[in-house]
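Trainee: Take this structure first; my questions come after.
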Amino acid sequence: IRSELTIPGDMDQGESWYGFSVYLENWKNDPAGEHIFQWHPRNRSGSAVASLFTNEDKFTLVHQNGGSASSQEFARPQLGPLLKDQWVDFVLHIRWAANDSGLLEIWLNGAKKYVYNGRTDWGGQYIKTGINKFGWTVRGGDSGPDRRIMYLDAVRIGNEKANYSDVKP
């Protein structure tokens, strides 16, 4: 159900910039969905603090916006239609904060799609990228497609000294 890579999380604190391109080859519509890029809690339990999600032919950003590490509440803003069989560029700017001074901004192909101000850090996080197809488990629900192919390129990560231009693919 997973084909993922992790990146050490030392930079996933303070202020960070992330840029990357994804290519979803022959991606069939699936309401069960999957994560393709995540910021996962360092304690390896619970759901991702923030993730880029594909389902029902849409890109969705799922991010924790309340609760605690064990009792999470999430926002699920839709970023737009799923763009298949083409390179799609993402840039995220995150100010990791355990109080209301946090910030999360996301751009898709150069257009700003979402801004969130509030808590963004629930005890540290690390990056996981790749396919997490939880619909392929017995408890994950029905999933139509039996194959997923995703390419990832132009991954750039910057700290508080970086800006959009530094990380954009």
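Trainee: Looking only at segment 1-27, which residues are modelled with pLDDT of 85 or more, farther than 23 Å from SER165 by Cα and open to solvent by less than 80 Å² (accessible area, probe 1.4 Å)?
Mentor: LEU24, GLU25, TRP27
Trainee: Is it the case that GLY46 is open to solvent by 10 Å² or more (accessible area, probe 1.4 Å), over 17 Å from MET150 (Cβ atoms) and modelled with pLDDT of 85 or more? Break it down stepwise before answering.
Mentor: Numbers: open to solvent by 10 Å² or more (accessible area, probe 1.4 Å): yes; over 17 Å from MET150 (Cβ atoms): yes; modelled with pLDDT of 85 or more: no.
No: the conditions fail for GLY46.
Trainee: Another question, if that's okay. Among the strands (runs of 3 or more DSSP E) lying completely within segment 65-148, list those that include at least 3 residues that are open to solvent by less than 20 Å² (accessible area, probe 1.4 Å) and modelled with pLDDT under 90.
Mentor: On the way: elements: 72-75, 78-81, 87-95, 103-108, 111-117, 125-132.
Of the strands (runs of 3 or more DSSP E) lying wholly inside segment 65-148, those with at least 3 residues that are open to solvent by less than 20 Å² (accessible area, probe 1.4 Å) and modelled with pLDDT under 90 span 125-132.
Trainee: Is it the case, given these coordinates, that ASP30 is open to solvent by less than 20 Å² (accessible area, probe 1.4 Å) and not in a strand (DSSP E or B)? Steps first, please.
Mentor: Values: open to solvent by less than 20 Å² (accessible area, probe 1.4 Å): yes; not in a strand (DSSP E or B): yes.
Judged against the criteria, ASP30 is a match.
The values are calculated or read from the model by the stated rules, or taken from the named source; none is laboratory data. Predicted model only: the values in this text are computed from it and were never measured. Cβ coordinates were reconstructed from backbone atoms using ideal geometry, including for glycine residues, and neighbour counts include every protein chain displayed. Heavy atoms of the whole protein, side chains included, go into the accessibility calculation; ligands, DNA and RNA do not. Shrake-Rupley method; radii C 1.70, N 1.55, O 1.52, S 1.80 Å.
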